[in-house]
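What follows is a short report on a single structure.
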Amino acid sequence: MDLLNPSIGLLVWMTISFLVLLFVLRKFAWKPILNALHEREAGIEKALQSAKEAELKLAQLTADNEALLMQARKERDQLLKEAREAKDAIINEAKEQAKEQAAQLLAQARETIKNEQARVAIDLRNQVAQFSIEIAERILKEKLEHSGQHDKVVEQALNEMSLN
Amino acid sequence: MRQLHLFVFLMVSLVSMQAKATEPAAGAHGSEEAFGTPEILHHISDDFGLHIGPLSIPLPVVLYFPGQGWDVFSSSELHHLDARGLAHGKYAYHHGKLTVPVLDAAGQPKLDLEGHMEIAAQEARLINIGGKDVFYNFSITKNVFGLLLSVGLLLFLFMLSAKAYAKREGMAPKGLQSLLEPLIVFVRDDVVKPSVGEKHYQRFLPLMLTIFFFIWINNLLGLIPFLGGLNVTGNIAVTFTLAVLVLIVQLSVANKNFWGHILWFPGVPVPVKLLLLVIELVGLFTKPFSLMIRLFANISAGHIIILSIIGITFAFESVVGHTVGVVTSLFTVVMLILELLVAAIQAYIFTLLGSLMLGAALEEHDHHPEHAH
């Protein structure tokens, strides 16, 4: 049957046509197309890779930033703490100083008061002595003039003294 | 849904027109039936002229007679017979078959007892049946025309798309390029790469891509109504060439391991080795043989089924024929859609099995003998 028996002419045509097609397409179509495809795929892969790397870098950067921030915060806290301590120390010192000064002033005042008191006491003693002498003088004088009237004299003298 | 209706309607009318167009052509061959087996077989066989719709386009007939030289004339002469019933002075043309009859002393063709012309020379085929003289038919036949058309189409499509790759370097594909690229990538990544293997597949990509697109385009060309009923991939000479090419490539790249498994199968006793030698040697040729037959038979069968369904219309007369025609046209639509699928599947299968043949020839010897072949 002719259907199953290849014609030599068509075999020759087919062989020539197909080989020409194969070689022309290989050189001018498949090579450039496959190369372009390969390059594009490599490019995409590279782009994806670099995107992943960038992401990683970004994550690293964020982590770094976080760490930096944490450190800064810590430092700030430290500084604040130190400042607070310094403040407390200064206040305490000032308080201490003030207390000391106050104590000193108080002691001084006490001293002054003591001295004053001593002086007043001496003055008082002197005055009392003076008054006593005056009273005694007057009593003696009265006694000498009116012998029963010295009580009145003393009273009068005392009144006068208190008016002073 | 509306689009589908329109589509079906268009397809039905196309097929009906095709059927009508085939009618006078069938009648011209003087057959008693309007449309029958001889017409169908004629349709799927090669032919000297080309019928595009109602147009009959003459093609050059180029014959070579060994020792006598070339004979070139137009195929239209085949339909202008002289008084002796011969074309171009010496050829008998019957049912699409060209022969040189034996002439008697008076120059009349000799008839045998049954009234058939005695044949002096016939077209050279791969197997020369009858032991008669042969001439070589290098005509631009219907199939050679289809072959050249498909080659031109493939060159145009892929050179254009290759240009697009050069022009749009590093950019996303566009237009024709984006239509063909998924197919190229499919053949590369899903057919050739897994079959041939990661290591060698790139060498065979041009061959396999060419085979895939050649078969596919020709399958599709054969499905276009009015286009002369091209049947390139349904011709045994075409599938034979493709299969032989794959076999030649396979044998030329085959490694030691492949030959070792064929000629002296390792790990079995000597009698088995001898038995396997025979089996493997036969197997070496049955694979390309099945490639050849599978493609030829599938495409031819598709054409035969479509033509047969159309032919049912002509088996009925007049009014009944018209009614039956509506139904058979619908069947033809379904068949055409199926054939579109088959066109792609057969291209895929040929490429896949061809790649597997190459893959087997290049396989490294790290597999176990129990599932080696």
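Quick note: the coordinates plus some simple rules give every number you see, no bench work behind them. For clarity, every value in this text was computed on a predicted model and none was experimentally measured. Note that we place each Cβ from the backbone using ideal geometry, even for glycine, and neighbour counts take in every protein chain shown.
Spatial offset of region A:102-144 relative to region A:27-59 amounts to 114 Å, using the alpha carbon center of each. Around the amide H of B:ALA121, modelled in the peptide plane, lie the amide H atoms of B:VAL100, all under 5 Å away and 5 or more residues distant in sequence or on another chain.
Note that region A:63-164 shows a convex hull volume over its alpha carbon atoms of 94 Å³ per residue.
Between the listed residues A:ALA36, A:ASN65, A:VAL12, the Cα displaced farthest toward the positive end of the dipole of region A:2-163, a dipole computed from Cβ unit charges relative to the Cα centre, is found at A:VAL12. Computed over region B:60-139, relative contact order equals 28 percent, with contacts defined as Cα pairs under 8 Å that lie 6+ residues apart.
Could you compute the FRET efficiency for A:LEU80 and A:ILE44, with r as their C-beta to C-beta distance and R0 at 35 Å, rounded to 0.05? If you can, show how the numbers build up before the last one.
Details: r = 52 Å, r/R0 = 1.49.
So the FRET efficiency works out to roughly 0.10.
About its Cα centre, the dipole of chain B is roughly 1060 debye, where the only charges are +1 on Lys and Arg Cβ and -1 on Asp and Glu Cβ.
Judged by the gyration tensor of its Cα atoms, with axes a ≥ b ≥ c, chain B is oblate; a/c meets the 1.5 cut and b/c is at least as large as a/b.
In plain terms, the C-alpha convex hull of region B:53-111 casts an average shadow of 5.1 nm² when viewed from every direction.
Taking a ≥ b ≥ c as the square roots of the eigenvalues of the alpha-carbon gyration tensor, the protein assembly as shown is classed prolate because a/c is 1.5 or more and a/b outweighs b/c. Pairs exceeding a 30 Å alpha-carbon distance, out of A:LYS114/A:LYS152; A:LYS46/B:LYS174; B:LYS256/B:LYS287; A:LYS57/B:LYS199: A:LYS114/A:LYS152; A:LYS57/B:LYS199. Would you tally the net charge around A:ALA72, using a Cβ to Cβ cut-off of less than 14 Å, leaving A:ALA72 out, and scoring K and R as +1, D and E as -1? Once positives and negatives cancel, what remains is -1. Per residue of A:30-43, other chain Cβ atoms within 10 Å of the residue Cβ number 6 on average.
Only bridges whose two residues both fall in the protein assembly as shown count here: according to DSSP, what percent of them are antiparallel, nearest 5? Please report the intermediate quantities before stating the final value.
Values: 22 of 25 bridges.
Here the antiparallel bridges make up roughly 90 percent for the protein assembly as shown.
Shielding value for B:178-191 is 1, the average number of Cβ atoms from other chains within 10 Å of each residue's Cβ.
Distance between the modelled labels on B:LYS167 and A:LYS95, one decimal in nanometres: 8.9 nm (7 Å Cα→Cβ projection).
For A:LYS81, a cut-off of 21 angstrom between C-alpha atoms picks up these lysines, skipping any fewer than 8 places away in its own chain: A:LYS95. The A:ASN126 and A:ALA103 beta-carbon pair, evaluated with R₀ = 35 Å, returns a calculated FRET efficiency of approximately 0.55.
Computed from point charges on the beta carbon alone (+1 for Lys and Arg, -1 for Asp and Glu), the dipole magnitude for region B:60-139 about its Cα centre is near 120 Debye. The lysines within cross-link reach of B:LYS97, meaning a Cα-to-Cα straight distance under 19 Å and a gap of 8 or more places when in the same chain, are B:LYS110, B:LYS132, B:LYS142.
What number comes out for the charge environment of A:GLN130, summing +1 per Lys or Arg and -1 per Asp or Glu over other residues with Cβ under 14 Å away? Here the charged neighbours net out to -2.
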